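See below for the structure under consideration.
The values are calculated or read from the model by the stated rules, or taken from the named source; none is laboratory data. Predicted, not measured: the structure shown is a model, and the values here were computed from it. Glycine gets a Cβ as well: all are built from the backbone with ideal geometry, and neighbour counts include every protein chain shown. Protein only, heavy atoms only, side chains kept; ligands, DNA and RNA dropped before computing areas. Shrake-Rupley method; radii C 1.70, N 1.55, O 1.52, S 1.80 Å.
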2 protein chains.
Amino acid sequence: MQLPPLVQTFVLHFGEMGSRWGINRTVGQIYAVLFVAERPLNADEIVARLGLSRSNVSMGLKELQAWKLVRLQHVPGDRRDYFSTPEDIWQIVRTLVEERKKREIDPTLTMLRETLMQVPQSDAEVHAQARLREMHDLLELLTGWYADMQRLETDRLVDLLTLGSKVQKMLELKDRLLPRGRKVREDDGR
Amino acid sequence: MQLPPLVQTFVLHFGEMGSRWGINRTVGQIYAVLFVAERPLNADEIVARLGLSRSNVSMGLKELQAWKLVRLQHVPGDRRDYFSTPEDIWQIVRTLVEERKKREIDPTLTMLRETLMQVPQSDAEVHAQARLREMHDLLELLTGWYADMQRLETDRLVDLLTLGSKVQKMLELKDRLLPRGRKVREDDGR
DNA sequence: TCGCATTTTCAGGAATTCCTGAAAAGTGCG
DNA sequence: CGCACTTTTCAGGAATTCCTGAAAATGCGA
């Protein structure tokens, strides 16, 4: 592995973390290298930095592209493929959450809806369905909230996150100032 | 596997999902069985339902306990250990997020802070540090927000999530009503 | 303390996932 | 078209993770 020490620390850590998230270690490392690179890199440059086989890097890049975490680019006068991560880190977060939702949450919601349609054949099934409904409703609430957040511009989103629970206090304040304000909470339902 | 069909669908799906999240399939299945169970189950009951070996179930339960996702209980007059998941699904979410933060985010923040302390030895390292700082600041913002949310009672949290981006509109409204309101955003810093 | 019920540990085989080199396929230029 | 360069595919070996049965440890009542 041919990397400045500081970068190496990060790349190894990121690879480990990746493997706890169902992404394999080398894919995590490839991503990490691209994330800190000053310019787009081609596959051979990644091979040189990480000491993996060419084919492994090719497969890793393919997977990262499938996740839309990495962008393919071309350098004029060079036939090779170059890859980079988005400059904007919030864009990365958005993509990551969106893809995970698509692959994991959405199919789970579908499965939950299907099992909730079935007619329970026993007490055990009645109880199980009640639990599954709780899980379903929770995921619906979270995905609804997420859809809202995804729609905000980044600056607004950062404002909200920075406020944190102070939002809560401000809403109470607002309710005192504007007693009919509760209406705002109920109109325009999702 | 000896389960009502509806439960079986859920258990198998949950096992698959678990394996995409770095949790192994059988641990996911054990959790799923406990989640929909009407009462706490002992290890042999889980063995009967899932057709795993006794020792595998023992290891799985140990892992779930380490994650605090499962509670050990005793039934009067019975020496065996019984296990259950919390009734309150929001409690489950809180535990899950807390544990993942502790195991993944916190060590990552530590690593990022350490690499940011180092003196860069090259342009590549200067640029890498800038990227790592972006990631660090992002994680700090998110964990700060999370700490705030964790502190709210569940009902308040659900209110905020239900509001979604409408919070944004309400804050704008509030700023119009109470021009000096911005002060509220800046005092009492975290 | 013994005996029984229960849980835990762990070595090693099974299953799965990962990684590689070699070969095939794709691509654009002369 | 033919060639050189590049990427992709894939069979099979390497590495890792998972799972099991047997044995050890634990806990409790008599």
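Rolling a 1.4 Å probe over the heavy atoms of the protein chains gives the protein assembly as shown an accessible area of 54 Å² per residue.
Database remark: amide H of B:D81 closer than 5 angstrom to the amide H of B:A43 (H placed geometrically; neighbours at sequence offset of 5 or more, or on other chains; Pro and chain starts carry no H). Take B:M117, move 7 Å from Cα toward the beta carbon, and the resulting point lies 5.7 nm from the same point in each other copy, nearest first. Ordering A:Q29, A:V126, A:T162 by the projection of their Cα atoms onto the charge dipole of chain A, which places +1 on the Cβ of Lys and Arg and -1 on the Cβ of Asp and Glu, puts A:T162 at the extreme positive end. When the Cα gyration tensor is reduced to axis lengths a ≥ b ≥ c, the ratio a/c is 1.5 or higher for the protein assembly as shown, and with a/b not above b/c it is classed as oblate. The fraction of all Cα pairs in the range A:96-151 landing in successive 10 Å bins from 0 to the largest distance is 23, 46, 22, 9, 1, given as whole percents. Against chain A, whose longest principal axis is taken from its Cα atoms, helix A:25-36 shows a tilt of about 80°.
For chain A, the longest principal axis of the C-alpha atoms and the axis of helix A:106-117 are separated by about 30°. Derived scalar couplings between HN and Hα for the range B:134-146 equal 4, 5, 4, 5, 4, 5, 4, 4, 5, 5, x, 4, 4 Hz in order, rounded to whole Hz, by the Karplus curve 6.51 cos²θ - 1.76 cosθ + 1.60 (θ = phi - 60°), x for Gly and Pro.
Summary for A:P5: label point 7 Å along Cα→Cβ; distances to the equivalent points in the other copies, ascending, 6.4 nm.
The B-A contact accounts for approximately 7000 Å² of buried accessible area, totalled over both chains at a 1.4 Å probe radius.
Given a 1.4 Å probe and every protein chain left where it sits, what share in percent of the accessible area of chain B is carbon and sulfur? Present the calculation step by step, with values, prior to reporting the outcome.
Values: 5430 of 10170 Å².
Answer for chain B: carbon and sulfur cover 53 percent of the accessible area.
Shown here is the pair-distance distribution of chain A: with all Cα-Cα distances grouped in 10 Å bins from zero up to the longest one, the shares run 7, 24, 24, 21, 16, 8, 1 percent.
Show me A:113-120, A:66-73, B:127-134 ranked by packing, highest mean number of other Cβ atoms within 10 Å first. Don't jump to the answer; show the numbers that get you there.
Working: A:113-120: 13.2, A:66-73: 15.1, B:127-134: 18.4.
In decreasing order of mean packing, A:113-120, A:66-73, B:127-134 become B:127-134, A:66-73, A:113-120.
Taking the longest Cα principal axis of chain B as reference, the axis of helix B:154-163 is set at about 60 degrees. For A:E87, inter-copy separations between label points set 7 Å beyond Cα along the Cβ vector come to 5.5 nm, shortest first.
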